[in-house]
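Undergrad: Okay, handing you the structure first.
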Amino acid sequence: MKTAARPELKDPVLRFGKRLRERPERIPLTEMAALFGAGDEVMERVAARGDIVFKGEVFTNDGPDLVVPAGKVELEIPSLLRGTWSVTDDGYALRFPMADYTVRACAQVAFFRKCFELSTLTATARDLTLDFGGTLADRRYTF
């Protein structure tokens, strides 16, 4: 797993965790996009997808397929984003148990495009971990 310092992600990570602890019915998808460091140039397209809807421990977001540039990779958001969430004493987790309904990180490798499906996003006050199933796409960002 590659680790990097990303102190600019601390505030969005903590803010999203605070919102989850309030057991919301809805959170704008832009607040989740901020966890990935999405810049202003893509937030308008992300905002057009509307809110993440929470029902019990399940969350969903419906909208058009979206491709978001993120440095050397592109993040793909499918038309239906769906997963489960949980809150712990020191953080929270978003789990995406079905590959068709998760964020994908895609990169051009030589002559082909390789994509990795996000299985779990875990956050604490110290770090954010993106688990792409134990692949070379796994990332840990420290604050």
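Values in this text are rule-based calculations from the coordinates and carry no lab data. Not measured: the values here are computed from a predicted model. Ideal geometry is used to build each Cβ from the backbone, glycine not excepted, and the neighbour counts take in all protein chains shown.
Undergrad: Taking the Cα atoms of the chain alone, what are Rg (to one decimal) and Dmax (as a whole number) in Å?
TA: 14.2, 46
Undergrad: For the range 31-107, what is the convex hull (Cα atoms) projected area averaged across all directions, in square nanometres? Present the calculation step by step, with values, prior to reporting the outcome.
TA: Numbers: hull surface 22.1 nm².
Reported value for the Cα convex hull: 5.5 nm².
Undergrad: Straight-line reach from Lys10: which lysines have Cα under 16 Å away, leaving out those fewer than 8 places along the same chain?
TA: Within the straight-line cut-off, Lys10 pairs with Lys18.
Undergrad: In whole Hz, what ³J(HN,Hα) sequence does the range 81-97 give by Karplus (6.51, -1.76, 1.60; θ = phi - 60°), x for Gly and Pro?
TA: 9, 8, x, 10, 9, 8, 10, 10, 4, 10, x, 7, 9, 10, 10, 10, x
Undergrad: A further question follows. Suppose every K and R has +1 on its Cβ and every D and E has -1 on its Cβ; what is the size of the dipole of the range 24-66 about the Cα centre, in Debye to the nearest 20? Please report the intermediate quantities before stating the final value.
TA: Details: 4 positive and 9 negative charges, 21 e Å.
Result for the range 24-66 is approximately 100 debye, rounded to the nearest 20.
Undergrad: Amide H of Ile52 versus every other amide H placed in the peptide plane: which residues, excluding those fewer than 5 positions away on the same chain, fall under 5 Å?
TA: Sorted by chain and number, the residues that satisfy this are Ile27, Leu29.
Undergrad: Right, next: Assuming 0.36 nm per residue, please report the length gained on full extension of the stretch Arg113 to Asp89 beyond their Cα-Cα distance.
TA: Working: separation 24, 0.36 × 24 = 8.64 nm, distance 3.89 nm.
The Arg113-Asp89 span can extend by a further 4.8 nm.
Undergrad: Okay, next question. Take the Cβ-Cβ distance between Lys55 and Asp11 as r, set R0 to 25 Å, and report the resulting FRET efficiency rounded to the nearest 0.05.
TA: Values: r = 27 Å, r/R0 = 1.09.
It comes out at approximately 0.35.
Undergrad: At 222 nm, what helix-only mean residue ellipticity would the chain give, in deg cm²/dmol to the nearest 500, using -39500 (n - 2.57) for each DSSP H run of four or more? Present the calculation step by step, with values, prior to reporting the outcome.
TA: Details: 3 runs with 25 residues, N = 143.
Helix-only estimate at 222 nm: -5000 deg cm²/dmol.
Undergrad: Is there a quick way to get the dipole size of the chain? I mean about its Cα centre, with the Cβ of Lys and Arg at +1 and of Asp and Glu at -1; what is the value in debye to the nearest 20? Write down the numbers at each step before the final one.
TA: Values: 21 positive and 21 negative charges, 56 e Å.
I would put it at about 260 debye.
Undergrad: Using a Gaussian network model on the chain with a 10 Å cutoff between Cα atoms, which of Glu31, Glu44, Glu117 fluctuates the most?
TA: Glu44
Undergrad: While we're looking at this one, here's another question. So who's got an amide H within less than 5 Å of the one on Leu66, skipping anything under 5 residues away but keeping other chains? H placed 1.01 Å off N, in plane.
TA: Correct list: Ile77.
Undergrad: Among Leu29, Ala110, Phe54, whose Cα projects farthest towards the positive end of the dipole of the chain, with charges put on the beta-carbon of Lys, Arg (+1) and Asp, Glu (-1)?
TA: Ala110
Undergrad: Between Val109, Val42, Val67, which gets the highest mean-square fluctuation from a Gaussian network model of the chain, Cα cutoff 10 Å?
TA: Most flexible of the set in this elastic network: Val109.
Undergrad: Suppose we keep just the DSSP beta bridges with both residues in the chain; what percent of those would be antiparallel, to 5?
TA: Details: 43 of 47 bridges.
DSSP beta bridges in the chain are roughly 90 percent antiparallel.
Undergrad: Further question: How far apart, in nm, are the 7 Å Cα→Cβ label points at Ala48 and Arg126?
TA: It is 4.1 nm.
Undergrad: List Phe16, Phe54, Phe111 from most exposed to least, where exposure is judged by having the fewest other Cβ atoms within 10 Å.
TA: Working: Phe16 20, Phe54 17, Phe111 5.
Listing Phe16, Phe54, Phe111 from fewest to most nearby Cβ atoms yields Phe111, Phe54, Phe16.
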